[in-house]
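See below for the structure under consideration.
The values are calculated or read from the model by the stated rules, or taken from the named source; none is laboratory data. This structure is a prediction, so every number in the text was calculated from the model and none was measured. Here the Cβ is made from the backbone with ideal geometry for all residues, glycine too, and neighbour counts use every protein chain on show. SASA here: full protein model, heavy atoms, side chains in, ligands and nucleic acids out. Shrake-Rupley method; radii C 1.70, N 1.55, O 1.52, S 1.80 Å.
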Amino acid sequence: MNEVGSGGGLRKGIPYQDVIAEMETASAQDADWRAARTWSLVYHADREVEAIVQAAYTRFMATNGLSPVAFPSLGRFESEVIAGVGTLLGAPEGAAGSMTSGGTESLLLALKAARDWAAVHRRDRGEFEFLLPETAHPALYKAGHYLGVKPVPVPVGPDFRADAAAARKLATPRTILVVGSAPAFPHGVVDPIGELAALAAERGILCHVDASVGGMMLPFLERLGRRIPPWDFRVPGVTSISTDLHKYGYAAKGASAILYRSRELRRFQFFVQPGWPGGMYASPTLAGTRPGGAIAAAWAVLRLLGEDGYLRLARTASEAARRLMEGICAIPGLFILGEPDMTLFAFAARDFDTYALGDCMRRRGWRLDRQQLPPSLHLVVTANHAKVVDAFLADLRESAAEARGQAPGVAGAAYGMLGEAPPGANAEDFLLDFLDQVL
Ligand SMILES: *Cc1c(COP(=O)(O)O)cnc(C)c1O
């Protein structure tokens, strides 16, 4: 795909209405996320939220956050988003951050800041390392790869939480950063952030919490009385936290926030190039041009919902997640992996093939991500899913009966893409071919 010659190149222009019609046709086979049959990739609250996001995005789509001088509106929006998110994350006075394009960019910047901080503050030079639970998001491995900092995976226990004692043994003088997830995506459990941050503080290094998926949900669950293991800036030793607004913030795609305990720390994230003939250049994040639409849409949804709106949506989503988990456990042969802290979780079959169960559900129109090590199916539950809980459980009960005794189904690449390396094939080559040919 994406090959020159395959799409026919630029064609003669067509009327506006025809372009609209072509888009309509093109999207006919897309996942129908409004119907809530998809359990990842899209975080949808309701029609009103969608409408405000759309209005804000379209209004500001041409603007560029690279210059808050040309667009003071965007400067104000970003600043209010960071202040709002910072309060949710228990950030102390003086904490500072930036909006980015997503969880991956936020993590990349957290590692970049840690690397550049270490270059100034640590005596050990040479190859830097960082510790991350093996359940941590691949974006961190990507960041390590891009930035030349070696990821050192920390095993997780039977409860899928990082083993803090193992982390302690893996820390070396080259370690510059300890990462934990709140929660990790695969099983929805929060790592022992207190212990990981204590280790970082003891060694005089930094500690980042990846709350990409949890940052806009855990604070509200806590306000609703749910007991959540401590994970935010109230934990001493936590030096930065990332939170995606395009997940449980229900913003448009392309919005995340990265916050640091102090402005001094955030400074290590920045990049400047004073000698450019185009003028002295200063860029706070990875992107050069920063999409005003995404910044404005994130601000608009925070403004529309406010604390009370997010509380209402969190209550609906967590109630739906609770009913789903109870319903799943009541189906013979199915179980939940670990003890999820939030509204996303994995389940599996005990005495038949979990992927075959995924196939049976797919035939009934449900898109469930397939995980591995061990095999499981994955649900990210949003407020929009409340309406399908009963239908989902009815289909799951039927599917479980059908899958029993069936041949194994196919495993999955992440996020709903199916694929399995043929026996004996190199998994990395298989995935590179997959990107080369399928995408
Ligand atoms: C989604 C996610 C990421 C990556 O975020 P993107 O917005 O997809 O780049 C990182 N960490 C966790 C825990 C996530 O859930």
Checklist entry - Got a sec? What order do LYS112, LYS387 fall in by accessible area at 1.4 Å, biggest, i.e. largest, first? => result LYS387, LYS112
Item to check | Angstrom value of the Kirkwood radius, inverse mean 1/r, which spans all Cα pairs in the range 153-286 | outcome: 16.3
Checklist entry - Which value, in debye to the nearest 20, describes the size of the charge dipole of the range 94-182 about its Cα centre when Lys and Arg Cβ atoms bear +1, Asp and Glu Cβ atoms bear -1, and nothing else is charged? => result 280
Next on the checklist: Name the residue from ALA119, THR100, VAL81 whose Cα lies farthest towards the positive end of the charge dipole of the range 72-128, charges +1 on Cβ of Lys and Arg and -1 on Cβ of Asp and Glu.
Outcome noted: ALA119
Checklist entry - Going highest first, how would you order 245-256, 310-321, 224-235 by mean Cβ packing within 10 Å? => result 245-256, 310-321, 224-235
Checklist entry - What are the residues whose amide H is under 5 Å from the amide H of CYS207, where those residues sit 5 or more places off or on another chain and H is modelled from the backbone? => result VAL178, THR239, SER240
Checklist outcome for this item: Correct semi-axes for the chain, from √(5λ) of the alpha-carbon gyration tensor and rounded to whole Å with the largest first, are 33, 29, 24
Item to check | Where VAL189, VAL42 fall by accessible area, highest first, once all protein chains stay in place (1.4 Å) | outcome: VAL42, VAL189
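Just how large is the dipole of the range 280-331 about the Cα centre, in debye to the nearest 20, putting +1 at every Lys and Arg Cβ and -1 at every Asp and Glu Cβ?
Working: 6 positive and 4 negative charges, 16 e Å.
Roughly 80 debye for the range 280-331.
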Next on the checklist: Below 13 Å, Cα to Cα, which aspartates and glutamates can LYS142 reach? Residues fewer than 8 away in the same chain don't count.
Outcome noted: GLU105
Checklist outcome for this item: Residues whose modelled amide H sits under 5 Å from the amide H of ASN64, counting only those 5 or more places away in sequence or on another chain, are GLY292
Checklist entry - For LYS387, which lysines qualify as cross-link partners when the Cα separation must be under 27 Å and same-chain residues fewer than eight apart are set aside? => result LYS247, LYS253
Checklist entry - In sequence order, what are the phi-derived ³J(HN,Hα) couplings for the range 286-303 according to the Karplus relation 6.51 cos²θ - 1.76 cosθ + 1.60 with θ = phi - 60°, rounded to whole Hz, with x for glycine and proline? => result 5, 5, x, 4, 10, x, x, x, 5, 5, 5, 5, 5, 4, 4, 6, 4, 5
Checklist entry - Can you tell which of HIS44, ILE336, LEU109 lies farthest toward the positive end of the dipole of the chain, using +1 and -1 charges on the Cβ of basic and acidic side chains (Lys, Arg; Asp, Glu)? => result LEU109
Next on the checklist: With a 1.4 Å probe and all protein chains kept in place, how do SER79, SER262 rank by accessible area, largest first?
Outcome noted: SER79, SER262
Checklist entry - How many percent of the accessible area of the chain is carbon or sulfur, using a 1.4 Å probe? => result 57
Item to check | Computed P(r) (all Cα pairs; the range 58-99; 10 Å bins; percent) | outcome: 28, 45, 23, 4
Checklist entry - About its Cα centre, what dipole magnitude does the chain give when the only charges are +1 on Lys and Arg Cβ and -1 on Asp and Glu Cβ, stated in debye to the nearest 20? => result 980
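Note the per residue figure in Å³ for the convex hull of the C-alpha positions in the range 347-407.
Taking only Cα atoms, the range 347-407 has a hull volume of 79 Å³ per residue.
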Checklist entry - Can you give the translational diffusion coefficient of the range 298-367 in µm²/s, computed by Stokes-Einstein from the Kirkwood radius over Cα pairs at 10 °C and 1.306 mPa s? => result 111
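What does the convex hull of the alpha-carbon atoms of the range 30-115 project to on average, in nm²? All intermediate terms of the calculation are to be shown ahead of the outcome.
Numbers: hull surface 32.8 nm².
Average of the hull's projected areas for the range 30-115 equals 8.2 nm².
Residue separation times 0.36 nm, minus the C-alpha to C-alpha distance between GLU50 and ALA31: what's the value?
Here the answer is 5.2 nm.
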Checklist entry - So what is Rg over Rh here for the range 208-273, counting just Cα atoms and using Kirkwood for Rh? => result 1.03
Checklist outcome for this item: For the chain, dividing by residue count, accessible area per residue (probe 1.4 Å) in Å² works out to 48
Next on the checklist: Give the average over all directions of the projected area of the C-alpha convex hull of the range 10-79, one decimal, in nm².
Outcome noted: 7.9
Checklist outcome for this item: Computed over the range 255-344, the distribution of all Cα-Cα distances in 10 Å bins, rounded to whole %, is 12, 23, 24, 21, 13, 5, 1
Checklist outcome for this item: Log10 I(q)/I(0) at q = 0.15, 0.17 Å⁻¹ for the range 1-151, from Debye over equal alpha-carbon scatterers, is -1.23, -1.31
Checklist outcome for this item: Rg/Rh over Cα atoms for the range 124-179, Kirkwood Rh, comes to 0.98
Item to check | Binned Cα-Cα distances of the range 180-245, short to long, each 10 Å bin given as a whole percent | outcome: 24, 54, 20, 2
Item to check | the range 107-164: chymotrypsin sites (Phe, Trp or Tyr not before Pro) in DSSP loop, at most 11 other beta carbons within 10 Å | outcome: none
Next on the checklist: Rg and Dmax in Å for the range 81-174, alpha carbons only: what are they?
Outcome noted: 14.9, 38
Checklist entry - If one computes P(r) from the Cα atoms of the range 229-382, what percent of pairs lie at distances over 21 Å? => result 64
Checklist entry - Under a 5 Å amide H to amide H cut-off, with H placed in plane at 1.01 Å, what residues pair with LEU334 once short-range neighbours are removed? => result ARG350
Checklist outcome for this item: Out of ALA28, SER399, TYR16 - ranked by how far each Cα lies towards the positive end of the dipole of the chain, with unit charges on the beta-carbon of charged residues - the top one is TYR16
Item to check | In Hz, Karplus ³J(HN,Hα) per residue of the range 87-104 (6.51, -1.76, 1.60; θ = phi - 60°; x = Gly, Pro) | outcome: 4, 4, 8, x, 6, x, 4, x, 5, 8, x, 8, 8, 10, 7, x, x, 4
Item to check | Cα coordinate range in the range 295-439, projected on the principal axes (Å, largest first) | outcome: 53, 40, 26
Next on the checklist: Rounded to the nearest angstrom and ordered from largest down, what semi-axes does the equivalent ellipsoid of the range 124-218 get from its C-alpha gyration tensor (root of 5λ)?
Outcome noted: 20, 15, 12
Next on the checklist: Starting from 0.36 nm per residue, how many nanometres of slack lie between ARG263 and ASP429 once their C-alpha separation is accounted for?
Outcome noted: 55.5 nm
